[in-house]
Structures are given as structure tokens and as C-alpha cells.
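So that we are looking at the same thing, I have put the structure below in C-alpha cells.
The values are calculated or read from the model by the stated rules, or taken from the named source; none is laboratory data. Just so we're clear, the structure is a prediction, and the values are computed from it rather than from any experiment. Positions of Cβ are backbone-derived with ideal geometry, glycine not excepted, and every protein chain shown enters the neighbour counts. The area values use the complete protein model at the heavy-atom level, side chains included, leaving out ligands, DNA and RNA. Shrake-Rupley method; radii C 1.70, N 1.55, O 1.52, S 1.80 Å.
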Amino acid sequence: MRIAVLDNGAEQLKLINHTMTGLGHESHMYTEGKTLLQSLRRQTFDLLILDWSLPDIKGLDVVKAIRHELKSRLPILFVTDRRDEADMVEALNSGADDFMAKPIRAGELEARVNALLRRSYPAKHESELVFGPYHFYPPSRLLKVRGKPVELKNREYELALFLFQNLGRLLSREHLHEAVWGLGVEALSRSLDTHVSRLRTKLDLRPANGFLLLAIYGLGYRLETIEANTLPATASR
């Protein structure tokens with residue numbers, strides 16, 4: 001998973017980053033709320049962990065901006081020095097999904113993150129995933145379309161599964177690169193587009209089959225369910 005962490009404390013960032021990478025996630029560190037909000041206008045994440053007190057903007061205001069201005073349902077976990085019940089209620093009412101008091105205990109952070117990700121992305125924890133005629137079997141890395149196996153290369157399979165697991169969700173190019181190629185792995189700028197083009201053809205992603213893989217200019221891709229002969233007016237293939 002791709003996780004954003006917002007905290008102006010170096011030690012806190014280090015601890016959270018260590019815990020997240022230990023769980024196999026890719027973590028991206030931020031120390032200012034405005035910088036994070038700018039990133040969220042062109043990047044996507046699976047989870048946000050943030051502090052209440054920041055040098056430039058309140059953590060609550062970051063949450064409100066994400067929910068009301070960016071219209072994002074990004075799962076959000078507050079990790080803060082605030083301990084009062086009133087603070088927890090205010091955080092949750094502002095749009096946060098969970099609340100954890102400092103000092104950070106790695107075991108509790110791990111448990112809360114795992115629980116929040118399970119609630120937010122239940123399809124990622126299934127042994128078989130069914131999306132109309134598309135049947136994924138993650139343990140065996142097998143995909144069948146209308147009962148027939150489809151031969152995919154490793155990264156094609158990973159990209160296809162990731163897109164279907166995030167059905168209807170805009171995924172930035174950076175997010176997709178990290179999910180398929182990994183953090184720090186250099187991928188040619190056209191590699192993602194080439195893989196997407198191959199998947200459109202191999203999986204026959206078109207309205208007649210109920211799905212369409214859209215390119216959102218300057219941002220990334222989104223796989224959508226769609227009725228036959230109906231195309232969105234605001235996105236291009």
C-alpha cells in the first residue's frame with residue numbers, strides 16, 4: 001500500500017516510516033500540511049497518517065480540505081498528543097477514520113493501520129475476486145475471463161489486479177508505478193502506458209464487457225464499471 005505520513009517531528013516520522021516499511025508498505029513523508037495537499041491534487045495514496053499540530057496548518061484543516069475540497073475518501077488516521085474525548089470526537093466528526101494518542105507504540109500503530117486498511121479495501125484480502133466475467137485467483141496468480149485463463153506477464157497481472165481492486169478510483173501514475181514496479185525502481189515513462197494498452201487488448205476492457213480503462217490526462221488511470229454503449233464525457237481512452 002502507498003501511505004502518506006504528515007508530521008513535523010523527525011523522530012515520529014522515522015518511527016512511523018520504519019513501522020510502515022516493516023509491514024511492506026511504501027511510505028511518503030511530509031512535514032507541512034500545505035505541501036501534502038498540493039501532492040494530493042496530482043498523486044494518490046491508500047492511507048494518510050497525520051498529526052494534529054503542524055507548523056503551517058492544523059491537522060483538522062488538512063482533513064477538512066481532503067474531504068470537502070478534494071472530495072477524497074482517503075482513509076485517515078490521526079496520531080496526536082491530544083488525549084481528550086472531545087478532541088477525538090472533533091477529529092472523527094471532521095472526517096478522520098481513526099484516532100491514536102502519542103506516544104506511538106509500534107504494535108498499536110500496526111494493528112490500527114491493518115484494521116483500517118482491511119475496512120477500506122476488503123477486496124485485497126480475498127482468495128478469489130470476481131468482477132463480472134473477470135475472475136482473479138491471487139494465490140495462484142491466475143486470471144480467467146468467462147472461464148478461460150488469460151496469459152499475462154507478471155507485471156501485467158499485477159497491474160490488472162491492482163486496477164480491479166481499486167475499481168472506480170483514480171490512481172496516479174506514481175501510485176501505479178510503485179504498486180507494479182516498486183519504490184525506487186526506475187521504469188521508462190512509456191512502460192506504464194504500454195502495459196495499460198496491452199491490458200485493454202488482452203482483457204477486452206470495453207463497455208460491452210462492463211468495464212472501461214480510462215486515462216485521466218496529466219494524472220493517471222481509472223478502471224470503471226460502465227453500461228454497454230455508454231462512455232463518460234469527461235475522460236479520454
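How many residues does region 5-22 contain that are open to solvent by less than 40 Å² (accessible area, probe 1.4 Å) and without any contact (Cβ under 8 Å) to a residue 60 or more places away in the chain? If you could, list the steps in order and put the result at the bottom.
Pass one, region 5-22, residues open to solvent by less than 40 Å² (accessible area, probe 1.4 Å): 5-7, 9, 13, 16, 19-20.
Those still in the list that are without any contact (Cβ under 8 Å) to a residue 60 or more places away in the chain too: 5-6, 9, 13.
Number of matching residues: 4.
Would you be able to say whether some residue in region 142-150 is out of contact with any Gly (no Cβ under 7 Å at 6 or more places or on another chain), of a type outside the set (A, V, I, L, M) and open to solvent by less than 80 Å² (accessible area, probe 1.4 Å)? Before you say what the answer is, go through the steps one by one.
Here is the first cut: in region 142-150, the residues out of contact with any Gly (no Cβ under 7 Å at 6 or more places or on another chain) are 142-150.
Remaining after also requiring of a type outside the set (A, V, I, L, M): 144, 146-149.
Those still in the list that are open to solvent by less than 80 Å² (accessible area, probe 1.4 Å) too: 144, 147.
Yes, region 142-150 has at least one match.
Mind listing just one residue for me: the one in region 121-166 that is in contact (Cβ under 8 Å) with a residue 60 or more places away in the chain and among the aromatic types (Phe, Trp, Tyr) and, of those, farthest from residue 194 (Cα to Cα)?
121
What are the pairs, 6+ residues apart or on separate chains, where a residue within region 80-108 that is charged (D, E, K, R) has its Cβ under 8 Å from a residue that is open to solvent by 30 Å² or more (accessible area, probe 1.4 Å) and outside any helix (DSSP H, G or I)?
Close Cβ pairs satisfying both conditions: 81/53; 102/81.
In addition: Within region 84-134, how many residues are part of a loop (DSSP other than H, G, I, E, B) and among the aliphatic types (A, V, I, L, M)? Step through it out loud before you land on a result.
Within region 84-134, the first condition is being part of a loop (DSSP other than H, G, I, E, B), and the residues that meet it are 84, 95-97, 102-105, 121, 126-128, 132-133.
Within this subset, residues satisfying the condition of being among the aliphatic types (A, V, I, L, M) are 96, 104.
Counting residues in region 84-134 that are part of a loop (DSSP other than H, G, I, E, B) and among the aliphatic types (A, V, I, L, M) gives 2.
For residue 93, are the conditions met, namely being open to solvent by 10 Å² or more (accessible area, probe 1.4 Å), at pLDDT 90 or above and over 28 Å from residue 173 (Cα atoms)?
Working: open to solvent by 10 Å² or more (accessible area, probe 1.4 Å): yes; at pLDDT 90 or above: yes; over 28 Å from residue 173 (Cα atoms): yes.
It is true that residue 93 is open to solvent by 10 Å² or more (accessible area, probe 1.4 Å), at pLDDT 90 or above and over 28 Å from residue 173 (Cα atoms).
Given the residues 118, 82, which is the only one that is closer than 20 Å to residue 171 by Cα, touching a helix residue (DSSP H, G or I) at 6+ places or on another chain (Cβ under 8 Å) and at pLDDT below 90? I'd like the intermediate steps shown before the answer.
Details: 82 fails: closer than 20 Å to residue 171 by Cα.
Result of the check over 118, 82: 118.
Out of all the residues in region 23-67, which are part of a helix (DSSP H, G or I), open to solvent by 40 Å² or more (accessible area, probe 1.4 Å), in contact (Cβ under 8 Å) with a residue 24 or more places away in the chain and not acidic (Asp, Glu)? Explain how you work it out, then say what you get.
So in region 23-67, the residues part of a helix (DSSP H, G or I) come out as 33-40, 59-67.
Among the residues that remain, those that are also open to solvent by 40 Å² or more (accessible area, probe 1.4 Å) are: 34-35, 38, 61, 64.
Now restrict to residues that are in contact (Cβ under 8 Å) with a residue 24 or more places away in the chain: 61, 64.
64 - this is the single residue of region 23-67 that is part of a helix (DSSP H, G or I), open to solvent by 40 Å² or more (accessible area, probe 1.4 Å), in contact (Cβ under 8 Å) with a residue 24 or more places away in the chain and not acidic (Asp, Glu).
Still on this structure, I have one more. In region 195-210, how many residues are open to solvent by 10 Å² or more (accessible area, probe 1.4 Å) and either part of a helix (DSSP H, G or I) or touching a Gly at 6+ places or on another chain (Cβ under 7 Å) (or both)?
Within region 195-210, residues that are open to solvent by 10 Å² or more (accessible area, probe 1.4 Å) and either part of a helix (DSSP H, G or I) or touching a Gly at 6+ places or on another chain (Cβ under 7 Å) (or both) number 10.
Right, another one. So is residue 222 open to solvent by 40 Å² or more (accessible area, probe 1.4 Å), in contact with a helix residue (DSSP H, G or I) (Cβ under 7 Å, 6 or more places away or on another chain) and modelled with pLDDT of 90 or more or not? I'd like the intermediate steps shown before the answer.
On the way: open to solvent by 40 Å² or more (accessible area, probe 1.4 Å): yes; in contact with a helix residue (DSSP H, G or I) (Cβ under 7 Å, 6 or more places away or on another chain): no; modelled with pLDDT of 90 or more: yes.
Considered against the rule, which asks whether it is open to solvent by 40 Å² or more (accessible area, probe 1.4 Å), in contact with a helix residue (DSSP H, G or I) (Cβ under 7 Å, 6 or more places away or on another chain) and modelled with pLDDT of 90 or more, residue 222 comes out as no.
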